[in-house]
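What follows is a set of notes on a single structure, which appears directly below.
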Amino acid sequence: QVQVVESGGGLVQAGGSLRLSCAASGTILSIHSLRWYRQAPGAQRDLVATITRGGDTNYADSVKGRFTISRDNTKNQVYLQMNSLKPEDTAVYHCNADVTTYSSSVYDSRTYWGQGTQVTVEE
């Protein structure tokens, strides 16, 4: 199967930067779109950024100009560079991947989620 694991979260002061990483592993044939979501305590999970296999990107208005999503298709990894962090960016950040696998002569396409990494931004 497929495992998706995020890393890079932590505690940072307002105005600082963090770089999140997400690695997908398993019987992967191809990874299509990759996304970062975030969920603050008591809030819904919101889409932060998307990147297609071809490199097209899209961002939530709240992070435009501050966050940059990128990917390395050779490593099955996606990154989120977060600059000028604000306290309202505090959340658990989750990676989401549209993956096609091929195993035992069967193709399967589905979306996989990671467990998330905590980002805390202090004043």
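For segment 1-112, averaging the sequence separation of C-alpha pairs within contact (under 8 Å, six or more residues apart) and dividing by the residue count gives a relative contact order of 33 percent.
Note that segment 1-44, at 4 °C in a medium of 1.567 mPa s, gets a Stokes-Einstein diffusion coefficient of 99 µm²/s from its Kirkwood radius over C-alpha pairs. Across the chain the C-alpha pair distances fall into 10 Å bins from zero in the proportions 14, 46, 29, 10, 2, 0 percent.
Modelled label positions at T57 and R19, each set 7 Å beyond Cα in the direction of Cβ, lie 1.3 nm from each other.
Laboratory data are not the source of any read-out in this text; all were calculated from the coordinates shown. All figures in this text were calculated on a predicted structure; none of them were measured in a lab. Cβ atoms come from the backbone with ideal geometry, glycine included; neighbour counts cover every protein chain shown.
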